[in-house]
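Shown next, in structure tokens, is the structure this report addresses.
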Amino acid sequence: MTETYRNMWSELGLNLEAHDGLLGVLSDAYKNIYLSQKNRPEGMKYFDFVISEVHGLRIKEIYQAKKEGKKVIGTFCVYVPEELIIASNGVSIGLCAGAEVGSTEAEKYIPRNTCALIKAFMGFKLAGLCPYVELTDLIVGETTCDGKKKAYEIFNDITKKVYVMEIPNMKEEEGKRLWNSEVKKFAGKLEELTGEKLTVEKLKAAVKIVNEKRKALQRLSDLRSYSPSPVSGLDALLINQVSFYDDPIRFTQKVHELCNELEERVKSGMGVTEKVSKRILLSGSPMAIPNWKIHSIIEGLGAIVAGEEACVGERNFRTLLNEDFTSVEECLNSISERYLTMDCACFTPNKERLEHIKDMVKKLNIQGVIHYSLQFCTPYMIEAYKVKETLDSIGVPCMKIETDYSMEDAGQLKTRIEAFIEMIK
Ligand code: BJ8
């Protein structure tokens, strides 16, 4: 990949030497963690290809779209309505990063004890490693956690293209009104940026595209409820990560192709693991690509991750958007309602999340929950208490871990997770 795309990366202003290093590390990690898995479905070949071209072909496609006049909108949060970006003829790209590279650069601007996800998105940009950031015309931030909202101020000084949506902390009437007006303001911002007037037809087409993507991910999630699971948690996590930057129509088709194969596996009782594998739900902070750390530890110990109660997971596709609107206003109202059904720990109170976790435990036949917080991610670290309390009340074992993107604690985590898995009945 390196030679073919060198000119493009150079045009985008990447630090070629550091970027070569990053691709080398990514490719080695992928071989060790993904390609070494046994009995993978054929349908995963497409996603392997996507990863092998993560800074190649997909960047070329987006670059081409941009040359043809499309605007590229980068996002960091599942509260940013993708439908509006697509309806404005834009390309929506998730910019969260899940690797430690660039942290030293980031720490020149933000404290060392900031969550790894924030350090990574700052670090990727500052170290000249992210072609996606360079392609964006607008970067949409949001007032979720304190770390993100303050980091966006600095990120805007660096990139000059950050727009922030105000997300309420509570879901009372005032909060709903605020969010509704933020959705409308964002729609106006997109119209101004792209020169595309939003119409009912454009919105209907965009809502359908995003709903179809959600339905495909829901289908994949349902198939993971079987034991033995027809697909590994690692592979399902990868698909969810890819959902944030692949072309949505092609992605949906490829997920369905994979699901057709998984259904055949289920019919014949074929799984990626033996029937006895213990079934784990991972719940908590988002796992941005290429953060595969906890899944690889759990599955390396012979258990299976059967679901992710997270933004890179169920939170992103749990709820569809109502398609029966007849005006732009109605559509924007539906968008604002749908997005507020999500249950990020940044909200208070956040009882829905506890109910959703119980639902997932039941639907996916979960035997134990690992609550995962990125270090310094206060909302999830604190909400872990209520998650554990809820799971204790229904007799489901729950273990809390706090970690970051480094592998320094991998040995210690492995020991703790192994003991947890052994203790699960
Ligand atoms: S909806 S989880 S994507 S805000 S940056 S909260 S890890 S300390 S990403 Fe998030 Fe939207 Fe919520 Fe989901 Fe913690 Fe880090 Fe903050 Fe983070």
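Percent relative contact order of the chain, based on C-alpha pairs within less than 8 angstrom and at least six residues apart?
On the way: 648 pairs, mean separation 74.1, N = 425.
Reported relative contact order: 17 percent.
Could you report the accessible area of Val50 in Å², rounded to 10, computed with a 1.4 Å probe on the protein chains as they sit in the structure?
Taking all protein chains as shown, Val50 has close to 20 Å².
Are there any GluC sites (Glu not before Pro) in region 171-260 that are in a DSSP loop and have at most 13 other Cβ atoms within 10 Å? List them by number.
Here the GluC sites (Glu not before Pro) that fit, given the DSSP loop and packing criteria, are Glu172.
Expected output is a single nm value to one decimal: the length gained when fully extending between Ala18 and Glu173, i.e. 0.36 nm times separation in residues minus the C-alpha distance. What is it?
Using 0.36 nm per residue and subtracting the Cα-Cα distance, I get 50.9 nm.
Can you tell me what percent of all Cα-Cα pairs in region 80-214 are more than 17 Å apart?
Of all Cα-Cα pairs in region 80-214, 64 percent lie more than 17 Å apart.
Tell me, what is the percent relative contact order of region 325-425, built from C-alpha pairs under 8 Å that lie six or more residues apart?
Across region 325-425, relative contact order equals 24 percent.
Could I have the simple spin-label model distance between Asp409 and Ser268, label points 7 Å from Cα toward Cβ, reported in nm to one decimal?
Calculated label separation equals 4.2 nm.
So what are the ³J(HN,Hα) numbers for region 318-332, from phi and the Karplus equation (6.51, -1.76, 1.60; θ = phi - 60°), rounded to whole Hz, Gly and Pro as x?
Taking θ as phi minus 60°, the curve returns 4, 10, 7, 9, 4, 9, 8, 9, 10, 9, 4, 4, 4, 5, 5 Hz for region 318-332.
From the phi angles alone, apply the Karplus equation (6.51, -1.76, 1.60; θ = phi - 60°) to region 167-172 and give each ³J(HN,Hα) in whole Hz, x where the residue is Gly or Pro.
Listing the rounded values in order: 9, x, 8, 10, 10, 6 Hz.
Using amide H atoms built 1.01 Å from N in the peptide plane, name the residues 5+ places from Asp246, or on other chains, whose amide H lies under 5 Å from its own.
Amide H neighbours of Asp246: none.
Taking 8 Å as the Cα distance limit and 6 or more residues as the minimum spacing, I'd like the relative contact order of region 31-127 as a percentage.
19
What does the accessible area of Lys148 come to, in Å² to the nearest 10, when a probe of 1.4 Å is used?
Accessible area of Lys148: about 20 Å².
Considering only DSSP states other than H, G, I, E and B, which GluC sites (Glu not before Pro) in region 278-328 qualify as loop sites with at most 12 other Cβ atoms within 10 Å? Could you put the intermediate results ahead of the total?
On the way: sites: Glu299, Glu308, Glu309, Glu314, Glu323; in loops: Glu323.
Here the GluC sites (Glu not before Pro) that fit, given the DSSP loop and packing criteria, are Glu323.
Report the Cα centroid-to-centroid distance between region 113-163 and region 376-425 in angstrom, as an integer.
Distance between centres, Cα-based: 28 Å.
Consider a paramagnetic label point 7 Å from the Cα of Lys358 along Cα→Cβ; state which residues of region 394-425 have an amide N under 19 Å from it.
Counting only backbone N, you get 394-399.
What residues have an amide H closer than 5 Å to that of Val91, excluding those fewer than 5 places away on the same chain, when H is modeled at 1.01 Å from N in the peptide plane?
Lys71, Val72, Ile73
Tabulate in residue order the Karplus-calculated ³J(HN,Hα) for region 179-185, using 6.51 cos²θ - 1.76 cosθ + 1.60 with θ = phi - 60°, rounded to whole Hz; enter x for Gly and Pro.
Here the 3J(HN,Hα) series is 5, 4, 6, 5, 5, 5, 5 Hz.
Could you order the peptides 231-238, 346-353 from most to least packed, using the average number of other C-beta atoms within 10 Å per residue?
231-238, 346-353
Kindly provide the pair-distance distribution of region 1-103 built from C-alpha pairs, with 5 Å bins from 0 and whole-percent values in order of increasing distance.
2, 10, 16, 20, 21, 17, 11, 4, 0
May I ask for the net charge around Lys161, where only other residues with Cβ less than 14 Å from the Cβ of Lys161 are counted and Lys, Arg are +1 while Asp, Glu are -1?
Details: positive: Lys66, Lys71, Lys125, Lys160, Lys189; negative: Glu134, Asp137, Glu153, Asp157, Glu192.
Combined, the nearby Lys, Arg, Asp and Glu give 0.
Measure of size requested: the Rg and Dmax of the chain, with Cα atoms as the atom set and Å as the unit; please supply both.
According to the Cα coordinates of the chain, Rg and Dmax are 20.6, 58 Å.
Considering the convex hull of the alpha carbon atoms of region 325-405, report its projected area averaged over all viewing directions, in nm², one decimal.
Numbers: hull surface 29.1 nm².
Average of the hull's projected areas for region 325-405 equals 7.3 nm².
Considering only DSSP states other than H, G, I, E and B, which GluC sites (Glu not before Pro) in region 383-423 qualify as loop sites with at most 16 other Cβ atoms within 10 Å?
Qualifying residues, ordered by number: Glu408.
Of Lys31/Lys358; Lys161/Lys254; Lys71/Lys362; Lys171/Lys362, which ones are farther than 31 Å apart at the Cα?
Exceeds cut-off: Lys31/Lys358; Lys161/Lys254; Lys71/Lys362.
Can you give me the long-range amide H partners of Gln375? Hydrogens built in the peptide plane at 1.01 Å from N, cutoff under 5 Å, separation of 5 or more residues or another chain.
Ala116, Thr403, Asp404
Taking every DSSP beta bridge that has both residues in the chain, what percent is antiparallel when rounded to the nearest 5?
0
So what's the back-of-envelope 222 nm ellipticity for the chain, counting only DSSP H runs of four-plus at -39500 (n - 2.57) apiece and dividing by all residues, rounded to 500? Mind showing how you got there, number by number?
Values: 19 runs with 228 residues, N = 425.
The per-residue figure over the chain is -16500 deg cm²/dmol.
Simple spin-label model, 7 Å along Cα-to-Cβ: Ile424 to Glu107 in nm?
3.5
On the full set of protein chains, 1.4 Å probe, figure out the accessible area of Cys145 and give it in Å² to the nearest 10.
Result for Cys145: roughly 30 Å² accessible.
At R0 = 56 Å, how high is the FRET efficiency between Leu35 and Glu323 if r is their beta carbon distance? Nearest 0.05 is fine.
Between Leu35 and Glu323 the formula returns 0.90.
The values are calculated or read from the model by the stated rules, or taken from the named source; none is laboratory data. The structure displayed is predicted, hence computed values, not measured ones. So basically every Cβ, Gly included, is an ideal-geometry build from the backbone, and we count neighbours across all protein chains shown. Surface areas here come from the heavy atoms of the whole protein model, side chains and all, with no ligands, DNA or RNA. Shrake-Rupley method; radii C 1.70, N 1.55, O 1.52, S 1.80 Å.
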